[in-house]
1. Taking the residues in the range 237-265 that are under 14 Å from the mean Cα position of the chain (by Cα) and not aromatic (Phe, Trp, Tyr) as candidates, determine which candidate is most open to solvent (accessible area, probe 1.4 Å).
2. Taking the range 180-200 as the region of interest, how many residues are in contact with a Cys (Cβ under 6 Å, 6 or more places away or on another chain) and either in a loop (DSSP other than H, G, I, E, B) or open to solvent by 50 Å² or more (accessible area, probe 1.4 Å) (or both)?
3. What number of residues within the range 113-133 are free of Cβ contacts under 8 Å to residues at least 24 places away in the same chain and either within 11 Å of residue 89 (Cα to Cα) or in contact with a Gly (Cβ under 8 Å, 6 or more places away or on another chain) (or both)?
4. Residues that are within 29 Å of residue 133 (Cα to Cα): list the strands (runs of 3 or more DSSP E) wholly contained in the range 15-119 that include at least 3 such residues.
5. Being open to solvent by 80 Å² or more (accessible area, probe 1.4 Å), out of contact with any Cys (no Cβ under 8 Å at 6 or more places or on another chain) and of a type in the set (Gly, Ala, Ser) narrows it down to one residue among 26, 46; which is it?
6. Residue 116 - would you say it is within 28 Å of residue 288 (Cα to Cα) and within 24 Å of the chain's Cα centre (by Cα)?
7. If I go through the range 84-107 residue by residue, how many of them are modelled with pLDDT under 90 and open to solvent by 70 Å² or more (accessible area, probe 1.4 Å)?
8. If you check every pair at least six apart or on different chains, which have Cβ atoms under 8 Å apart with a residue in the range 58-83 that is crowded, with 21+ Cβ neighbours inside 10 Å first and a residue that is part of a helix (DSSP H, G or I) and among the hydroxyl-bearing types (Ser, Thr, Tyr) second?
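The values are calculated or read from the model by the stated rules, or taken from the named source; none is laboratory data. None of the values given here were measured: they were computed from a predicted structure. Counting neighbours? That spans all protein chains shown, and the Cβs are built from the backbone with ideal geometry, glycine included. In case anyone asks, the SASA skips ligands and DNA or RNA and just uses the protein heavy atoms, side chains included. Shrake-Rupley method; radii C 1.70, N 1.55, O 1.52, S 1.80 Å.
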Amino acid sequence: MAIQWLRCGHHVYVVSTWWGSRAACSMLYHLLLQDIANKQHTADVSPGQPHLLLYDFEFDEDVEQAVNDLSRTAKENLLYIIADETIPGFGSKSSFHDLCNKLLTKVPDLHLWAANCYHEDAPDGWQVEYLTRPLRSPPTVVREVEQDDEITKLRRVHPYSKRGVSDHTDGPPVTRLCHGGQGHSGDLPVDCVTCGRELASLLHSLRVTSTENVRTTSTTLTHTSGGARPPCVQWRDVLLLYWRVLSDSSHMMTALREAGIPVLVMKDDDIDDVATARSDVVWVAEGDRVRGLERKIVVYLGRVDNVDARLQVISRCTSQLVIYETQDES
């Protein structure tokens, strides 16, 4: 929708409403810039420009600031806004509701499209569409995600519906690595040198594209068929995700670097780089910080029984999922 607005000559405002939407909105903003740069436009209609605006609606003053900023940019009572991964309100009167309703009183011809995964978050009276078909992740990953408590118990997220088309493959089997036992140290995989070495070996093997491995590894990762040699999996295709801040000097990070894996822990200044996959490195990030992004290979370093772990972390995976388990879990 944003591309359509831009091609009609309108300015489009990509609004990030909290820190959990930064990555998704950054990715969307850069995709819009890329579309403008790559497309041929007619001489009589100059394309509009996308604008990225960052707020944190956990603070009331940011909501008021957003209302003022956006209403001032409206031209002839027209305003075009995209808001992805909007801040959740869980059905109660939320800060995002305030933005929508206040803007509507100030800008009569408001065009605002927003998205998140919680089905009770739309403001009253606004048109809602529920998109529940799994289109990107293979069935092996979908089966993991649909076990999340947000879907099965809390019911704040609609369950998946049928895909509606046949699956070319079930996808690569989920790889489960166990932390614990002889040679392992520390309470968690991230504190263990042995886990780091095992993970490094696995990641190196997934990048192999020799003829004997085409059918077992690379073909499934790129969803191709037959014997054609697919492109090599790159480091930028990998995300290591956790559910808390991970130290850059942890034993796992050290072991990965010693094995030649270019691994970096994401900081706030890195969001654009992570969102666009600009650098060919393996990014390590807190799961909540990468909502909306997707990678071929996702390694989850935490406990899958955490609320939101499957929904917000495992769902980032479009092909090969790797899950760590501690010995008492397995």
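1. By that ranking, first place goes to 237.
2. Our first condition is that a residue be in contact with a Cys (Cβ under 6 Å, 6 or more places away or on another chain); within the range 180-200, this holds for 184-186, 189.
Among the residues that remain, those that are also either in a loop (DSSP other than H, G, I, E, B) or open to solvent by 50 Å² or more (accessible area, probe 1.4 Å) (or both) are: 184-186.
Residues in the range 180-200 being in contact with a Cys (Cβ under 6 Å, 6 or more places away or on another chain) and either in a loop (DSSP other than H, G, I, E, B) or open to solvent by 50 Å² or more (accessible area, probe 1.4 Å) (or both): 3 in total.
3. So the answer is 1.
4. Numbers: elements: 50-54, 78-84, 109-115.
Counting at least 3 such residues, we get 78-84, 109-115.
5. Values: 26 fails: open to solvent by 80 Å² or more (accessible area, probe 1.4 Å).
Exactly one of 26, 46 is open to solvent by 80 Å² or more (accessible area, probe 1.4 Å), out of contact with any Cys (no Cβ under 8 Å at 6 or more places or on another chain) and of a type in the set (Gly, Ala, Ser), namely 46.
6. Details: within 28 Å of residue 288 (Cα to Cα): yes; within 24 Å of the chain's Cα centre (by Cα): yes.
In short, yes.
7. So the count comes out to 2.
8. Here the result reads 63/95; 79/71; 79/73; 83/21, each pair linking the range 58-83 to a residue that is part of a helix (DSSP H, G or I) and among the hydroxyl-bearing types (Ser, Thr, Tyr).
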